[in-house]
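A.B. asks: For reference, the structure I am asking about is given below.
The values are calculated or read from the model by the stated rules, or taken from the named source; none is laboratory data. A quick note: this is a predicted structure, and the numbers were derived from the prediction, not measured. Using ideal geometry, Cβ is built from the backbone for each residue, glycine included, and neighbour counts are taken over all protein chains shown.
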Amino acid sequence: MKVSELKEKKLIHRPTQNFDLAGNRIYDVFEYNLPVKTNYDGNERDRILAKLIDSIPFFLIFYFIFGLSPILSALLLIPSVILFGSVTETVCGTTLGKRVFKIKVIDDSANNPAIFKSFLRNTLCLAVFYMLFADYIPPLNEILGIKHKETNFTMHMNNILCKTYIVKEYKLKEIKMLLKQSLM
């Protein structure tokens, strides 16, 4: 069983037009098997801030210790953050910035991602940052001539393509428990 296949039972109470003898509304109860929600509200903001936190030490090292110009320091921090992030996500499941926000990166088996998968998702993050901050470029819909389709470049794109998930640390325990239960 994989994280993408996990389902959880949800009970939905829908009101009817009927009332019982005491005047209380009668509800119909429906049971659904819905996919387990791995993300959380505000995770995109947390992930952007985490990436910026990961970048600050590298900028400071290149600027103050090596005495490089701010532009060169900013350019060198990009591959440094990608490489360092890939290694730390593979070993620990998190980076310095993600640790601040108590979030972890997991693969479809709820383990730390492999080094290549982590490297790919960190590299794809560059494309996401580019799209987030390039407001003056026409939307991809117009460039490709796509009609009636929305291309939404978010911080989730790299996870979708790499089949990884960003979860809160407390949610990881719950996901691993659900995986263990599904194997029984």
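A.B. asks: Kindly indicate whether Y165 is more than 22 Å from I56 (Cβ to Cβ), hydroxyl-bearing (S, T, Y), at pLDDT 85 or above and surrounded by 15 or more Cβ atoms within 10 Å (Cβ to Cβ).
C.D. replies: yes
A.B. asks: Here are G85, G67: which of them is modelled with pLDDT under 95, under 27 Å from the mean Cα position of the chain (by Cα) and not β-branched (V, I, T)?
C.D. replies: G85
A.B. asks: Looking at the stretch 21-36, I want the residues that are within 17 Å of Q181 (Cβ to Cβ) and have a partner that is of a type in the set (V, I, T) with Cβ atoms under 9 Å, at least 6 apart or on another chain. Which pairs are those?
C.D. replies: Close Cβ pairs (under 9 Å, with a partner that is of a type in the set (V, I, T)) amount to V36/V3; V36/I175.
A.B. asks: Here's something else I'd like to know. In the stretch 65-111, what residues are part of a loop (DSSP other than H, G, I, E, B) and β-branched (V, I, T)?
C.D. replies: Scanning the stretch 65-111 gives T94, T95.
A.B. asks: I would also like to ask the following. In the stretch 21-41, what residues are out of contact with any Phe, Trp or Tyr (no Cβ under 9 Å at 6 or more places or on another chain), closer than 30 Å to T95 by Cβ and surrounded by 10 or more Cβ atoms within 10 Å (Cβ to Cβ)?
C.D. replies: P35, V36, K37, Y40
A.B. asks: Give the stretch 62-110 a look and list any residue that's surrounded by 15 or more Cβ atoms within 10 Å (Cβ to Cβ) and free of Cβ contacts under 8 Å to residues at least 12 places away in the same chain, or say none.
C.D. replies: Within the stretch 62-110, Y63, L68, T88, T94, R99 qualify.
A.B. asks: Does N18 qualify as being of a type outside the set (S, T, Y) and crowded, with 16+ Cβ neighbours inside 10 Å?
C.D. replies: no
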